[in-house]
Amino acid sequence: MKTIAMMAAALMLLGAQDAPVAEPGWMAGEWIEANGDAWAEEFWTHARGGLMIGAGRTGKGEKLTGWEAMRIVRGADGKLSFVAQPGGAPPSSFPMVSSGEREIVFANPAHDYPQKIRYWRDEAGLNAEISLIDGSKAQRFAFRPMRR
């Protein structure tokens, strides 16, 4: 009887490892980081149909300095990828390399910069970090909920 219970537990563990990772719905919302008159904003939809749509923009005062179309999409293989199109450039894909309850990391070592994209939530809001694959040249963003 013990053997059957151990086999059942092992099969459940294997099934859990193969289960697809859920989209990071905890990223959804309107987010802003402001330092003086410099600002960065990100907007993320809730997950639906294996897709989250994001948009970002940066600026200083009333001047726009950059923008980006983003998405987190589930591929045919069931795995998540972050797809970025800064300033309307061709898409760059970053497959998910790890995830937790309130953290997700994407990486593409072949990309020039960034090579790694990490998002996580804390009590204050949504955080993001972009860097090279080894963590160097990191840029961090501490987004807080946008209030209108």
If you go through Trp67, Trp31, Trp39, the only one that is under 18 Å from Ile130 (Cα atoms), in contact with a Pro (Cβ under 7 Å, 6 or more places away or on another chain) and among the aromatic types (Phe, Trp, Tyr) is Trp31
When the stretch 1-55 is checked residue by residue, the ones that are among the small types (Gly, Ala, Ser), modelled with pLDDT under 95 and farther than 17 Å from Ser99 by Cβ are Ala5, Ala8, Ala9, Ala10, Gly15, Gly49
Considering only strands (runs of 3 or more DSSP E) wholly within the stretch 10-125, the ones with at least 1 residues that are without any contact (Cβ under 8 Å) to a residue 12 or more places away in the chain and of a type outside the set (Lys, Arg) are 29-35, 63-74, 92-100
Gly75 passes all but one of the listed conditions (1) among the small types (Gly, Ala, Ser); (2) more than 23 Å from Arg121 (Cβ to Cβ); (3) surrounded by 16 or more Cβ atoms within 10 Å (Cβ to Cβ); the exception is number (3)
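The values are calculated or read from the model by the stated rules, or taken from the named source; none is laboratory data. Source: prediction; values computed, not measured. Cβ coordinates were reconstructed from backbone atoms using ideal geometry, including for glycine residues, and neighbour counts include every protein chain displayed.
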